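The values are calculated or read from the model by the stated rules, or taken from the named source; none is laboratory data. Just so you know, these numbers come straight off a predicted model, no measurement behind them. Counting neighbours? That spans all protein chains shown, and the Cβs are built from the backbone with ideal geometry, glycine included.
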Amino acid sequence: MESISEIYRIGTGPSSSHTMGPRKAAQLFKESVPQAVRFNVDLYGSLAATGKGHLTDKALEDVLSPAGEVTINWLADTVLDYHTNGMKFTAYDKDGNVLSEKIVFSVGGGKIVWQDEIESGESSVKSIYPMKRISDILEWCEKTGRTYWEYVDDCEGEWIWDYLHEVWEVMKAAVERGLEAEGVLPGGLGVRRKAVSYYMKASGYSSSLKSRGLVYSYALAVSEENASGGMIVTAPTCGSCGVLPAVLYHLYLSRGFSEKRILRALATAGIFGNVVKTNASISGAEVGCQGEVGVACAMAAAAASQLFGGSPAQIEYAAEMGLEHHLGLTCDPVCGLVQIPCIERNAYAAARALDSNLYASFSDGVHSVSFDRVVSVMKQTGHDLPSVYKETSQGGLAAIE
Ligand code: SF4
């Protein structure tokens, strides 16, 4: 399993698979052909179906156009074998000769996989975690008396704490910027930012109503920042980037948890997200929103459980609840924008993560369905879902009435 830094990518929204991944691929391709003066990009499957709303074209043009003319072809009906989010880059010299042609896939969370890697079997993935199932890590915790974040520390080394510190700073800044911003989100749907009004209303209540309203407002703040192309952290994706910061920011302020404990909670959340990414998928285009907001909820539930002193078994239970009760969730962004239902869904999932923690904390951690089992069910459910519910904006809420 890769470093958890691959789950927490710092960058600009609105989509990790449709904006961050293509941007990264374009950058690497451009650097590989410095003599190119013209580029052609074919976008396939989901990338073509919702790329306009997700600003895929803008990301590609931002990178490639300083070097030459760019043509983008939208080929939504063509789906390549490896993954629905396929792209083909072609570079030309000044005489129109092809200099290079590469196929690459944006597989979720900002990660890209080149066709060359698939064909050669030589993966660029650097595996640093020997265990890739939560049940094995849980067993290690039970045997050693240690816990998830200590496993992260063992496998990653000291540097991860500096990186998680940076992640936490970007997450906090996104909440705080989002709570200040007002107005309508870009894209043409006319969606007004709501974080500030939720924050103001919540502040007027006391105890549990206030607490719940604040969590909503923090999740809305980050998701609205993402929708307007602001700087966020994938956790595990851009579309689901509001859930974990909302829970952590709320607990940090309301319970006074130290930054050190917040970073340890981030480490634990990262390992749960990483297990899903490794054994199933965090791509809405591949498995629907259960792989994005569902996984974010599981990560936030694990983080909350650890902060409240949950045992390794209770943490696993909280995460399992967070994902299990999002099984089957479709990805159907209206007009391909990461706004409806994405933004509200983040607020709901943040609240559900806290409920999952509460539910697990009343238990002794013993339960029937393991986290690993629910990950495998999520993967199968995602494959069984028709493509209209997997980031193509052809079904569900996105279907034109
Ligand atoms: S519906 Fe979910 S998976 Fe789809 S774009 Fe929105 S947040 Fe991402």
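Among the residues of segment 109-150, those identified as over 30 Å from G310 (Cα atoms) and of a type outside the set (A, V, I, L, M, F, W, C) are G110, K111, Q115, D116, E117, E119, S120, G121, E122, S123, S124, K126. Filter segment 206-229 for residues that are under 28 Å from E2 (Cα atoms) and either modelled with pLDDT of 95 or more or within 14 Å of the ligand (Cβ to nearest atom) (or both) and give the result. Answer for segment 206-229, where residues must be under 28 Å from E2 (Cα atoms) and either modelled with pLDDT of 95 or more or within 14 Å of the ligand (Cβ to nearest atom) (or both): A219, V222, S223, E225, N226, A227. Kindly indicate whether L307 is surrounded by fewer than 24 Cβ atoms within 10 Å (Cβ to Cβ), in contact with a helix residue (DSSP H, G or I) (Cβ under 6 Å, 6 or more places away or on another chain), closer than 20 Å to T147 by Cβ and modelled with pLDDT of 95 or more. Judged against the criteria, L307 is a match. Looking across G336, G365, one residue alone is surrounded by 18 or more Cβ atoms within 10 Å (Cβ to Cβ), at pLDDT below 95 and over 16 Å from the mean Cα position of the chain (by Cα). It is G336.
Please work out which one of (1) closer than 24 Å to G336 by Cβ; (2) within 16 Å of the ligand (Cβ to nearest atom); (3) at pLDDT 95 or above is the condition R193 fails and give its number. R193 satisfies every listed condition except (2). Go through segment 297-343 and count every residue that is within 16 Å of the ligand (Cβ to nearest atom) and free of Cβ contacts under 8 Å to residues at least 40 places away in the same chain. Count: 3.
Figure legend. Inter-residue proximity from segment 237-264: first residues more than 16 Å from the ligand (Cβ to nearest atom), second residues assigned to a loop (DSSP other than H, G, I, E, B) and not charged (D, E, K, R), beta-carbon distance below 8 Å, spacing 6+ or different chains. Indicated pairs: L251/F257. With a requirement of 1 or more residues that are among the polar types (S, T, N, Q), the helices (runs of 4 or more DSSP H) lying completely within segment 159-264 that satisfy it span 195-203, 207-227, 243-255. You will find that of A360, A353, A347, the residue that is free of Cβ contacts under 8 Å to residues at least 60 places away in the same chain, crowded, with 24+ Cβ neighbours inside 10 Å and not in a loop (DSSP other than H, G, I, E, B) is A360 and no other.
Within segment 171-213, track down each residue that is among the hydrophobic types (A, V, I, L, M, F, W, C) and surrounded by 20 or more Cβ atoms within 10 Å (Cβ to Cβ). Listed by number, the residues that qualify are M171, A174, V175, L179, L185, A195. When G309 is tested against (1) in contact with a Lys or Arg (Cβ under 9 Å, 6 or more places away or on another chain); (2) part of a loop (DSSP other than H, G, I, E, B), just one condition goes unmet, and that condition is (1). Residues in segment 80-104 that are touching a residue at least 60 places away in the same chain (Cβ under 8 Å) and buried (at least 18 other Cβ atoms within 10 Å of the Cβ): H83, T84, N85, M87, F89, A91, V104. Among residues belonging to segment 1-41 that are hydrophobic (A, V, I, L, M, F, W, C) and part of a helix (DSSP H, G or I), point out the one that is surrounded by the most Cβ atoms within 10 Å (Cβ to Cβ). Per the stated criteria, the residue is I4.
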